[in-house]
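Chemist: Quick one: the structure is below, questions incoming.
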Amino acid sequence: MGKDNKLINFTAASGKYPLKVAMDDDLKDSIKAGKGIIPIHIQFFPTNVCNLRCPWCSCDGRDRNKEMNFEEIMEMIALFKKCGTKAITITGGGEPLMHKRINEIINFISIMDIKMGIVTNGTLLNHIPLDFNKLTWVRVSMGDGKAIPTDFWTNLEITVNKYKTDWSFSYVLTPSPDYDLINEMVKFGNKYNFTHIRLVTNILESKDMTTIIDLIKDHLKRQETPDALVIYQNRTAYTPGSNKCKISLLKPVINADGNVFPCCGVQYALEHPNKKMEDSMIMGHWRDIVTILNKDMYFDGSVCVKCYYSHYNELLDAMTSPIMHNEFL
């Protein structure tokens, strides 16, 4: 699989044409029927509790004690299922595996016939009994300065061998890259047939990291570590937000406090980010989602100085606008 195809298949904020959106029949049918955009894919933060404090964490300013109880989670997921949700990314916030009832959350989502992926720091793998086979994919978060337990690679190896879901890494790159850790990670991904390894620059760092990315490529080459799986993303290219932020209806984020946000980038979207889900960007509570959808209450993203989803919003705006001479492709 070429790297362009990996971008289309495995990443959203890539600058590539959002082909999955254009091809989704349920979304197209809803728009054609006059029902508007539906939340095909939601991102859910079950807990803000975390066992690490990574220096590049974009959620570091959050309330680290906030957690949604299981009964509310079941009610929320059932409602989103009725609204058309087909996929859930369980992420954070905090470390999802820290939620006391994470197994039951995953089982319930599976029972509801919703596909799911999970983003984890990987430090609790093989410590918490979890049926990863119920997941479509697992992404292990890595990065410069991350605290790596002594049993990390052993436990990851045991878990990857046990569960044949799609595994990947996402590595946050800073101006002080850990070349040895990056090399070990890429070698591991190659050995265990990971779908991809995303090497992405720190979103809160304004420095152009092109030179450092080139140095990493050279380092991997010198170590004879193939980088065919690696997607290099230098996050210095972005646009201002759109006043018609329609991705906020297609792919909303549900915070651990139950509030709905337009995307996973609200922690860094404003001019002075404070590393938490900004109260000014709350669209409502998850219990309000039917009203939000029925009234087409998309977020006004004109307040965002940094947006990586303009290609989504342009397509969604076009899809929900009248088109004449449809057959003349």
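Chemist: Being under 15 Å from VAL186 (Cα atoms) and of a type in the set (Asp, Glu) is the filter here, so list the residues in the stretch 153-169 that pass it.
Modeler: Scanning the stretch 153-169 gives a single hit, GLU157.
Chemist: When you look at ASP296, is it part of a loop (DSSP other than H, G, I, E, B), under 25 Å from PRO96 (Cα atoms) and open to solvent by 30 Å² or more (accessible area, probe 1.4 Å), yes or no?
Modeler: Numbers: part of a loop (DSSP other than H, G, I, E, B): yes; under 25 Å from PRO96 (Cα atoms): no; open to solvent by 30 Å² or more (accessible area, probe 1.4 Å): yes.
No; evaluated as a whole, the condition is false for this residue.
Chemist: Continuing with this model, one more query. Return yes when ASN126 is at positive phi, free of Cβ contacts under 8 Å to residues at least 60 places away in the same chain, surrounded by 13 or more Cβ atoms within 10 Å (Cβ to Cβ) and out of contact with any strand residue (DSSP E or B) (no Cβ under 8 Å at 6 or more places or on another chain) and no when it is not.
Modeler: Working: at positive phi: yes; free of Cβ contacts under 8 Å to residues at least 60 places away in the same chain: yes; surrounded by 13 or more Cβ atoms within 10 Å (Cβ to Cβ): yes; out of contact with any strand residue (DSSP E or B) (no Cβ under 8 Å at 6 or more places or on another chain): yes.
Considered against the rule, which asks whether it is at positive phi, free of Cβ contacts under 8 Å to residues at least 60 places away in the same chain, surrounded by 13 or more Cβ atoms within 10 Å (Cβ to Cβ) and out of contact with any strand residue (DSSP E or B) (no Cβ under 8 Å at 6 or more places or on another chain), ASN126 comes out as yes.
Chemist: State which residue is farthest from LYS146 (Cα to Cα) when the search covers only the stretch 56-101 and only residues that are at pLDDT 95 or above and acidic (Asp, Glu).
Modeler: Per the criteria, the residue is GLU75.
Chemist: Same structure again: Looking at LYS246, is it modelled with pLDDT of 95 or more, out of contact with any His (no Cβ under 9 Å at 6 or more places or on another chain), open to solvent by 30 Å² or more (accessible area, probe 1.4 Å) and among the basic types (Lys, Arg)?
Modeler: no
Chemist: Could I ask something else about it? Would you confirm, using the coordinates I've provided, whether TYR179 is closer than 30 Å to GLU205 by Cα and crowded, with 19+ Cβ neighbours inside 10 Å?
Modeler: Here the answer is no, as TYR179 does not meet what is asked.
Chemist: Looking at the structure I just gave you, is GLU327 acidic (Asp, Glu) and more than 27 Å from THR236 (Cβ to Cβ)? Give the derivation first.
Modeler: Numbers: acidic (Asp, Glu): yes; more than 27 Å from THR236 (Cβ to Cβ): yes.
Criteria met by GLU327.
Chemist: Among the numbered conditions (1) of a type outside the set (Lys, Arg); (2) at pLDDT below 95; (3) under 26 Å from TYR17 (Cβ atoms), tell me where PRO262 comes up short.
Modeler: In the conditions (1) of a type outside the set (Lys, Arg); (2) at pLDDT below 95; (3) under 26 Å from TYR17 (Cβ atoms), PRO262 misses (2) alone.
Chemist: Name the residue, out of LYS207, LYS187, that is surrounded by fewer than 17 Cβ atoms within 10 Å (Cβ to Cβ) and modelled with pLDDT of 95 or more. Steps first, please.
Modeler: Numbers: LYS207 fails: modelled with pLDDT of 95 or more.
Going through LYS207, LYS187 in turn, just one is surrounded by fewer than 17 Cβ atoms within 10 Å (Cβ to Cβ) and modelled with pLDDT of 95 or more: LYS187.
Chemist: Which one is nearest to THR195 (Cα to Cα) among residues in the stretch 129-144 that are open to solvent by 60 Å² or more (accessible area, probe 1.4 Å) and assigned to a loop (DSSP other than H, G, I, E, B)?
Modeler: THR136
Chemist: Of the numbered conditions (1) assigned to a helix (DSSP H, G or I); (2) surrounded by fewer than 22 Cβ atoms within 10 Å (Cβ to Cβ), ALA237 satisfies every one except a single condition; which is it?
Modeler: (1)
Chemist: Looking at the stretch 145-176 only, could you name the residues that are of a type in the set (Lys, Arg) and open to solvent by 30 Å² or more (accessible area, probe 1.4 Å)? First the steps, then the outcome.
Modeler: So in the stretch 145-176, the residues of a type in the set (Lys, Arg) come out as 146, 162, 164.
Correct list: LYS162, LYS164.
Chemist: Still on this model: So which of GLY61, GLY92, GLY34, GLY122 is within 30 Å of ILE323 (Cβ to Cβ) and part of a loop (DSSP other than H, G, I, E, B)?
Modeler: Numbers: GLY61 fails: within 30 Å of ILE323 (Cβ to Cβ); GLY92 fails: within 30 Å of ILE323 (Cβ to Cβ); GLY122 fails: within 30 Å of ILE323 (Cβ to Cβ).
Of GLY61, GLY92, GLY34, GLY122, the one residue that is within 30 Å of ILE323 (Cβ to Cβ) and part of a loop (DSSP other than H, G, I, E, B) is GLY34.
The values are calculated or read from the model by the stated rules, or taken from the named source; none is laboratory data. If you're wondering where the values come from, they're calculated on a predicted model, not measured in any experiment. When we count neighbours, we look across all protein chains shown, and the Cβ atoms used for this are built from the backbone with ideal geometry, even at glycine. Each accessible area value is taken on the protein alone, full model and side chains, heavy atoms only, with ligands, DNA and RNA left out. Shrake-Rupley method; radii C 1.70, N 1.55, O 1.52, S 1.80 Å.
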